[in-house]
Amino acid sequence: MSKMASNRSVIAKRFSWYEQKIGNWVILFYFILALSSVTLLKPYLDPLPISNLQLSMGTDHTKLVIEDTNSSQKLNLSSSLQPSVSSGEVILKQERKPICNVSDPRFDICDIEGDVRIHGNSSSIFIASSSQMDALEGNKSWLIKPHPRKGDPNAMRFIREFSVKAIVGQEEAPPCSVYHSVPAVVFSHGGYSRNLFHSFSDVLIPVFETSAQFQGEVQFLVTNFEKHLIIKFQAILKQLSNYEIIDIDSDDQVHCYPRMIVGVKFYKDLKIDPFISNGYSMKMFRQLLINAYSLKKFTAIKISPDTQEKPRLLILSRKGSRSFMNVDEIAEMAKSLGFEVVVSEGMKNMEEFSHVVNSCDVMLGVHGAGLTNMVFLPTNAILIQVLPWGGFDWVASNCYGQPPLGMDLRYLIYKIKEEESSLLQKYTLDDPVIKDPTSIHKHNWNQFQSVYMDKQNVKIDVGRFRATLLEALELLHH
């Protein structure tokens, strides 16, 4: 027994010696590895100002920005949740965010972080200090019109222009009159904004896309201020900002903000591209409208053998041009197919009319701004656009044909024939206005608008139109 114990003691000592040797080699290996890592990363980590760590949460990724106060260099440590980056992978890159982007053909925009000062009365914006100064690259001033119709001279003609200037060297910024702790967004209510379509397409949707990231903690500075439009859309604007809207053109104070976005982005009419807008979409914008107006109907009726409720059809009537000349006849035919019919020109009170639209399953109207009210329809509802005579296909598709697809709506189109147009009361079938509309307007918008939009009404052939309403009923079965 004592011999066996002695052998075990020897083995234990030998094992302990080997274990110590292995441990020493492991320690040496990790020391060499750590030394190599420090050498490789030294340009980025020396010095490391821990006090300047800023954590920014985005929709698709979490970003850690480290600012080196000695070199004005920013590092981007991004742990991405997107499929292209595996779990635990770290991306190391230098961030050089430009102050202003004037290269997009549709809009100009500045996104400034730091000490930003605006004097509205003189249309002047000063960048007193910013971490973006190192990205100036020789340009330290811009002239910006904060409206997304850059390619349309007629729309941009009266948009107020702002001078955005970075203060460098011995220059002095004007002293602050009012300090604000939240960011600001500067946008215009000019252009064609008095038209409902353009109010949504050029102002409300771009402002949503720009400001939703702040979750109400942002202030709006409006140029080309239209008080009646602010009142009309106040329920929507209040969903986006918790603060008073400032008419910046008439303001003589110097307002100072920690961040300011001058201008808004624009993708396409009544559309948002979620791939370039931080994940925002038209579905999210429509949810904002539901919240703003407390809309009750979320989904259109689904017809089944057990359905007692009738599908509800809204006919948008118009005064003046592009009106239905036989709206009563259309309504009676729709009722005979089983629709409950509502006829309305719309209402000045946006909240009241939003509830009328939201209560319906199908909305019918001739091409025009009134179709913009589709934004209030419940999910899976149907928009029927009636195209007057004259080559409306392109404009009708872009304005009201494509947008429903991004809103979870269905879309039908009814193109009238020559005999359904009031133009036949003035022109013969052989006249180029009827026979060859393209030869009349030849992509000249003013000519197109003058002849085919401003001087035409429609008288629907209810026998022919019946098939379109039957198709709508069939869609409501699914």
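For first residues located in the stretch 151-163 and assigned to a loop (DSSP other than H, G, I, E, B) and surrounded by 15 or more Cβ atoms within 10 Å (Cβ to Cβ), partners that are at pLDDT below 95 and not polar (S, T, N, Q) and lie 6+ apart or on another chain with Cβ distances below 7 Å do not occur. Within the stretch 157-182, if we keep just the residues that are under 27 Å from the mean Cα position of the chain (by Cα) and of a type in the set (Ser, Thr, Tyr), the residue that is farthest from Gly216 (Cα to Cα) turns out to be Ser163. Among what's in the stretch 447-478 and is over 14 Å from Gly320 (Cα atoms) and of a type in the set (S, T, N, Q), pick the residue that is surrounded by the fewest Cβ atoms within 10 Å (Cβ to Cβ). My answer is Gln447.
Each residue in the stretch 342-385 was checked for being of a type in the set (Val, Ile, Thr), buried (at least 21 other Cβ atoms within 10 Å of the Cβ) and closer than 28 Å to Gln308 by Cβ, and 4 pass.
Regarding the stretch 303-311, can at least one residue be identified that is assigned to a helix (DSSP H, G or I) and surrounded by 19 or more Cβ atoms within 10 Å (Cβ to Cβ)? Walk me through it before giving the result.
Taking the stretch 303-311 as the starting set, the residues that turn out to be assigned to a helix (DSSP H, G or I) are none.
No, every residue in the stretch 303-311 fails to be assigned to a helix (DSSP H, G or I) and surrounded by 19 or more Cβ atoms within 10 Å (Cβ to Cβ).
Within the stretch 150-168, the set of residues being touching a Pro at 6+ places or on another chain (Cβ under 9 Å) and either over 20 Å from Ser122 (Cβ atoms) or not assigned by TED's automatic domain parsing to the domain that holds Phe266 (or both) comprises Lys150, Gly151. Beta carbons closer than 6 Å, at least 6 apart along the sequence or on distinct chains, pair a first residue in the stretch 188-210 that is assigned to a helix (DSSP H, G or I) with a second that is of a type in the set (Asp, Glu) and surrounded by fewer than 22 Cβ atoms within 10 Å (Cβ to Cβ) for Ser201/Asp269. Would you mind stating whether Leu289 is buried (at least 18 other Cβ atoms within 10 Å of the Cβ), among the aliphatic types (A, V, I, L, M) and assigned by TED's automatic domain parsing to the domain that holds Leu270? Yes, satisfied.
In this structure, Ser241 does not qualify as surrounded by 22 or more Cβ atoms within 10 Å (Cβ to Cβ) and free of Cβ contacts under 8 Å to residues at least 60 places away in the same chain. For the stretch 271-316, the candidate set comprises residues that are more than 15 Å from Met374 (Cα to Cα) and among the aromatic types (Phe, Trp, Tyr); within that set, the residue that is farthest from the chain's Cα centre (by Cα) is Phe275.
Kindly indicate whether Ser281 is of a type in the set (Ser, Thr, Tyr) and surrounded by fewer than 17 Cβ atoms within 10 Å (Cβ to Cβ). When the stated conditions are applied, Ser281 does not pass them. Does Val341 qualify as being touching a strand residue (DSSP E or B) at 6+ places or on another chain (Cβ under 7 Å), over 15 Å from Leu473 (Cβ atoms) and aliphatic (A, V, I, L, M)? Against the criterion (touching a strand residue (DSSP E or B) at 6+ places or on another chain (Cβ under 7 Å), over 15 Å from Leu473 (Cβ atoms) and aliphatic (A, V, I, L, M)), Val341 does not qualify. Scanning the stretch 144-174 for residues that are farther than 29 Å from Val395 by Cβ and modelled with pLDDT under 95 turns up Lys165, Ala166, Ile167, Val168, Gly169, Gln170, Glu171, Glu172, Ala173, Pro174.
Among the numbered conditions (1) within 30 Å of Ile109 (Cα to Cα); (2) charged (D, E, K, R); (3) part of a loop (DSSP other than H, G, I, E, B), the only one that Arg286 does not meet is (3). Here is the figure for the stretch 228-275: residues that are under 16 Å from Val182 (Cα atoms), of a type outside the set (A, V, I, L, M) and not in a helix (DSSP H, G or I) total 9.
The values are calculated or read from the model by the stated rules, or taken from the named source; none is laboratory data. The model shown is predicted, which means the values in this text are computed figures rather than measured ones. Because the Cβ atoms are built from the backbone with ideal geometry, glycine has one as well, and the counts that use them run over all protein chains shown.
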